[in-house]
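A.B. asks: After the structure tokens below, expect a handful of questions from me.
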Amino acid sequence: MREVVALGVGMTPFGVSEKTCVELFASAAWEAVQDAGIGTKDIEALFLGNVFGDFEEGQAVMASFAAAQLGIPHIPATRFEGACASGAVAVRDAYMLVASGQYDLVLAGGTERCTVMGTSLATRTFAMGSDSRYESPTGITFPGVFGMIAHMYADKYALPLSRLKEHMAMVAVKNHKNGCFNEKAQFRKEITPEHVLNSAMIADPLQLFDCCPFSDGAAAVVLTTLEKAKKMTEKPVIIAGAGQASAGNLGDQRDLTLVQARRISSKKAYEMAGIGPEEIDVCELHDCFTIAEIVATEGLGFFNDGEGSYAAQEGKTGLQGTIPINPSGGLKAKGHPIGATGAAQVYEIVKQLKGECGDRQVENARIGITDTLGGDLCTIVNLILKRGW
Amino acid sequence: MTYQQFAEGLKQEKLLGLRCNDCGAYTAPPKLVCFGCGSENLEIEELGKKGVIKTYTIIRVPPEGFQPDNVIALVELEEGPWVMGNVEDLPANEATIELIGKQVRLGHKVLPGDTYSAGERVAMTFHLEAR
């Protein structure tokens, strides 16, 4: 296997956009291509994450049109769908095909335009991430799934629910604070724990400010071999580890606080990179809900099971903490255009490792990890990136 | 056993599962192989419809076609499998974390299909024992 580098990255601002999915992606891709110092004609294949193009714009086979938009209509262009992990699945597959020698230079990423659906259709389509046969007929929603995790977490660790909710609120407060320093974030406004605890109930015990928003946006990554990258940049960011794992429906998963797929996926990524969680300097993880960040910090090995909520409360995950989590603002403040999120996490880690993050820069970040979750905890992707200089 | 057989079973007030002749584990809802050991040496068996609530939520902002204040739980059946269903006959304001650990009996309800479902839908329901 050849060593692979994220040579260039690009990302649109996240929020509400008038642009189409294809236009959004082309905009992010153009930035990534320029960042990489290549031309679009150098791209051999396109791996595009997108979840709901069919419902947002009536658009299937979007990858072909995205390639054409970039003036390279004949390269193999493929759409990847793994719910909210789609962009990460696309980047991982691109990584593997460069590592294996199939391609030398590829473009990967994702695009999404969630806000155009409106709340009613958006809620229906998002519910398609649950098991349509055995679980969706209850009327379960994504906030509901994570509400179930929160209740199970409080019960399992004998933590009073009111206490857990205060800890969860600190996750939202921290991510909003980080988002203030990110010019591409959807929300750039600080909030207080009271904002969270006084907001509308969405799915008990999750309130509005425990939840990430619906967003539009795109992100892109140019991948090539370390050998080629060395001739093009003095700061090659190496993809040192990659893991992906799946799980069945929520009944199959039983103890939802563990998110077993994450433990399997991250173990694979850590083993490939030859490091453990204690060597990670910065992490972008899937905080679709505040409780999601808490269980992810445990699943990735930063804290023992049951200690993640206290870590959030104590500020260990802040920019100056022992393990800075979501310096970009995370899904909560940066936004969550679902097909793009995994690639946007790679964007942030690459920028952090290169020291280009301004006021949200994690000091001397040398190794970073991404964590992307799709569906009812049923698709997880982890990528470990490290400085190649 | 197919989804169709499982759903028809529920409509006849029966909870059908698969008992593994190799490891003894139960699989419900059905899969091609035993969820415990992967064996295909399975027999359809009627399960007891009793279980314990392991976690729950209350949906305040429902998807199209559902009412707000919908209480949903994950239940561990006596035979081992975990299933999701609606907690019926319980006002949302009475659903607290004390629900976890409560005994329930399993039932079902039939919902009409919508644009994106493959026909009608059958949801499992839970009914609290000895409130």
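A.B. asks: Mind checking which pairs have a first residue in the range A:255-278 that is closer than 25 Å to residue B:100 by Cα and a second that is assigned to a helix (DSSP H, G or I) and open to solvent by 60 Å² or more (accessible area, probe 1.4 Å), Cβ under 7 Å, 6 or more apart or different chains?
C.D. replies: A:257/A:156
A.B. asks: Being at the interface with chain B (Cβ under 9 Å from one of its Cβ atoms) and either over 21 Å from the mean Cα position of the chain (by Cα) or under 29 Å from residue A:306 (Cβ atoms) (or both), is that true of even one residue in the range A:121-128?
C.D. replies: Checking the range A:121-128: at least one residue is at the interface with chain B (Cβ under 9 Å from one of its Cβ atoms) and either over 21 Å from the mean Cα position of the chain (by Cα) or under 29 Å from residue A:306 (Cβ atoms) (or both).
A.B. asks: Just checking: which of the strands (runs of 3 or more DSSP E) contained wholly in the range B:1-78 hold 1 or more residues that are open to solvent by 60 Å² or more (accessible area, probe 1.4 Å) and more than 14 Å from chain A (Cβ to nearest Cβ)?
C.D. replies: Details: elements: B:15-20, B:42-47, B:50-59, B:70-77.
It comes to B:15-20, B:42-47, B:50-59.
A.B. asks: A further question on this structure: Which one of A:146, A:52 is under 17 Å from residue A:217 (Cα atoms), within 14 Å of chain B (Cβ to nearest Cβ) and at pLDDT 95 or above?
C.D. replies: A:52
A.B. asks: Okay, next question. Taking the options A:71, A:8, A:53, name whichever one is of a type outside the set (Phe, Trp, Tyr), open to solvent by 20 Å² or more (accessible area, probe 1.4 Å) and more than 19 Å from residue A:331 (Cβ to Cβ). Break it down into steps so the answer makes sense when it comes.
C.D. replies: Details: A:8 fails: open to solvent by 20 Å² or more (accessible area, probe 1.4 Å); A:53 fails: open to solvent by 20 Å² or more (accessible area, probe 1.4 Å).
A:71 is the lone residue from the list that is of a type outside the set (Phe, Trp, Tyr), open to solvent by 20 Å² or more (accessible area, probe 1.4 Å) and more than 19 Å from residue A:331 (Cβ to Cβ).
A.B. asks: Looking at (1) touching a Ser or Thr at 6+ places or on another chain (Cβ under 8 Å); (2) over 17 Å from residue A:104 (Cα atoms), which is the one condition that is false for residue A:72?
C.D. replies: Going through the list (1) touching a Ser or Thr at 6+ places or on another chain (Cβ under 8 Å); (2) over 17 Å from residue A:104 (Cα atoms), residue A:72 breaks only (2).
A.B. asks: Can you name every one of the helices (runs of 4 or more DSSP H) wholly within the range A:215-289 that holds 3 or more residues which are open to solvent by 10 Å² or more (accessible area, probe 1.4 Å) and not β-branched (Val, Ile, Thr)?
C.D. replies: Numbers: elements: A:226-229, A:250-253, A:260-273.
In the range A:215-289, the matching helices (runs of 4 or more DSSP H) lie at A:226-229, A:260-273.
A.B. asks: Assess whether residue A:159 counts as being outside any loop (DSSP other than H, G, I, E, B), among the aliphatic types (A, V, I, L, M), within 11 Å of chain B (Cβ to nearest Cβ) and over 30 Å from residue B:65 (Cβ atoms).
C.D. replies: On the way: outside any loop (DSSP other than H, G, I, E, B): no; among the aliphatic types (A, V, I, L, M): yes; within 11 Å of chain B (Cβ to nearest Cβ): yes; over 30 Å from residue B:65 (Cβ atoms): yes.
Criteria not met by residue A:159.
A.B. asks: Of everything in the range B:81-95, what is facing chain A (nearest Cβ under 10 Å) and outside any strand (DSSP E or B)? Give them in sequence order. Walk me through it before giving the result.
C.D. replies: The initial filter retains those residues of the range B:81-95 that are facing chain A (nearest Cβ under 10 Å), namely B:81-87, B:92, B:95.
Hits for the range B:81-95 are B:81, B:92, B:95.
A.B. asks: State the number of residues belonging to the range B:98-125 that are touching a residue at least 60 places away in the same chain (Cβ under 8 Å) and more than 10 Å from every other protein chain (Cβ to nearest Cβ).
C.D. replies: Total meeting the criteria: 2.
A.B. asks: For residues in the range A:162-203 being open to solvent by 80 Å² or more (accessible area, probe 1.4 Å), in a loop (DSSP other than H, G, I, E, B) and in contact (Cβ under 8 Å) with a residue 24 or more places away in the chain, which is nearest to the other protein chains (Cβ to nearest Cβ)?
C.D. replies: The qualifying residue nearest to the other protein chains (Cβ to nearest Cβ) is A:188.
A.B. asks: Could I ask something else about it? Considering only the range A:266-289, state which residues are under 14 Å from the mean Cα position of the chain (by Cα) and farther than 13 Å from residue A:368 by Cα.
C.D. replies: Hits for the range A:266-289 are A:286, A:287, A:288, A:289.
A.B. asks: Here is a further query. In the range A:74-94, what residues are out of contact with any helix residue (DSSP H, G or I) (no Cβ under 9 Å at 6 or more places or on another chain) and open to solvent by 20 Å² or more (accessible area, probe 1.4 Å)?
C.D. replies: Initially, the range A:74-94 is screened for residues out of contact with any helix residue (DSSP H, G or I) (no Cβ under 9 Å at 6 or more places or on another chain), giving A:93-94.
If the condition is that a residue be out of contact with any helix residue (DSSP H, G or I) (no Cβ under 9 Å at 6 or more places or on another chain) and open to solvent by 20 Å² or more (accessible area, probe 1.4 Å), then A:93 is the only one that fits.
A.B. asks: Filter the range A:313-331 down to the residues that are open to solvent by 10 Å² or more (accessible area, probe 1.4 Å), farther than 16 Å from residue A:368 by Cα and in contact (Cβ under 8 Å) with a residue 12 or more places away in the chain and list them by number.
C.D. replies: A:313, A:315, A:316, listed by residue number.
A.B. asks: Quick check: anything in the range A:360-368 modelled with pLDDT of 95 or more and assigned to a helix (DSSP H, G or I)?
C.D. replies: Keep residues of the range A:360-368 that are modelled with pLDDT of 95 or more, which gives A:360-368.
When the remaining residues are screened for being assigned to a helix (DSSP H, G or I), the result is A:360.
Scanning the range A:360-368 turns up at least one residue that is modelled with pLDDT of 95 or more and assigned to a helix (DSSP H, G or I).
A.B. asks: Any idea which of (1) at pLDDT below 95; (2) over 17 Å from residue A:239 (Cα atoms) is the one residue A:58 doesn't satisfy?
C.D. replies: (1)
The values are calculated or read from the model by the stated rules, or taken from the named source; none is laboratory data. Keep in mind the model is a prediction, meaning the values are calculated, not measured. Positions of Cβ are generated from backbone atoms using ideal geometry, with glycine treated the same way; all protein chains shown enter the neighbour counts. Accessible surface is based on the protein model in full, side chains and every heavy atom, while ligands, DNA and RNA are left aside. Shrake-Rupley method; radii C 1.70, N 1.55, O 1.52, S 1.80 Å.
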